[in-house]
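Novice: Quick one: the structure is below, questions incoming.
The values are calculated or read from the model by the stated rules, or taken from the named source; none is laboratory data. Everything numeric here is computed off the predicted structure, so don't read it as measured data. For neighbour counting, all protein chains shown are included, and Cβ atoms are generated from backbone atoms with ideal geometry for every residue, glycine included.
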Amino acid sequence: YQPEELEVFFAACSNDERLLFQLFLFTGFRSKEIMTLTWPDINFQDGTLSVTPKHDLKFMPKSYEERSVPVPRSVIASLAALKKKSKSLLVFPTLPHPTRPTYGGFGPDRHMLDLCKEIAFRAGLNCGRCTGTYTIKRSKTKKETRSYNCKTDPRCRKWNLHRWRHSFATIMLQSGLDVRSLQILLGHKNLSTTEKYLKPLRLGCLRDKVEKSLLSAFA
């Protein structure tokens, strides 16, 4: 995501929504790593968030994916304020349904993708070109298929949770972080996986060189 898009996106967020997607942006965590984030994973003194195994939530990162990532102190302060209000071990639990007591609860929030798309739509950031169909379950036996266009529906494919991870990696590289340090922050086993994030930077450098080359005289 481009800086101007992020600015508009965050402006359309509530305080809790802003904090959720700040963590996506500032940690580079995968969606499941955010969904299963617990309060013990946050070191308020050091200002870090960690990816750790959660046997009760059936979440087991591989050894090279267990890691701690530093985040801005302002975000740590927001997390501390959220913890005071929290009644769950999870940082971002699914809240109980207001009228259906057997629905939802305090398990991992699995609606983060929908929320991301809803905020992007609210902020006017949809590309306007995505079309397709989706199915609504009306009952145990009845389903309804509807068509959509992201001009009028919060279903833009451009807005997805993994793209926040790409944004984190790109911004960190642009800020001068070396690729091996980024490898550690992203939890990649192989450096080659991390190096793919260098491509946009290399293209940008090549563009600058082309503009400054003798070729520009013939443009």
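Novice: Pairs needed: first member in the range 57-68, touching a residue at least 60 places away in the same chain (Cβ under 8 Å); second member anywhere, assigned to a loop (DSSP other than H, G, I, E, B); C-beta distance under 7 Å; at least 6 residues apart or different chains.
Specialist: These pairs meet every condition: 61/53; 64/187; 64/189; 65/187; 66/52; 67/187.
Novice: Answer with yes or no whether residue 168 is aromatic (Phe, Trp, Tyr) and at pLDDT below 90.
Specialist: no
Novice: Continuing with this model, one more query. Within the set of pairs 6+ apart or on separate chains, which have a first residue in the range 181-197 that is without any contact (Cβ under 8 Å) to a residue 60 or more places away in the chain and under 22 Å from residue 60 (Cβ atoms), a second that is surrounded by 12 or more Cβ atoms within 10 Å (Cβ to Cβ) and among the hydroxyl-bearing types (Ser, Thr, Tyr), and C-beta atoms under 8 Å apart?
Specialist: 183/193; 183/194
Novice: Something else about it: Which of the residues spanning the range 110-156 are charged (D, E, K, R) and surrounded by 13 or more Cβ atoms within 10 Å (Cβ to Cβ)?
Specialist: The answer is 117, 118, 122, 151, 153, 155.
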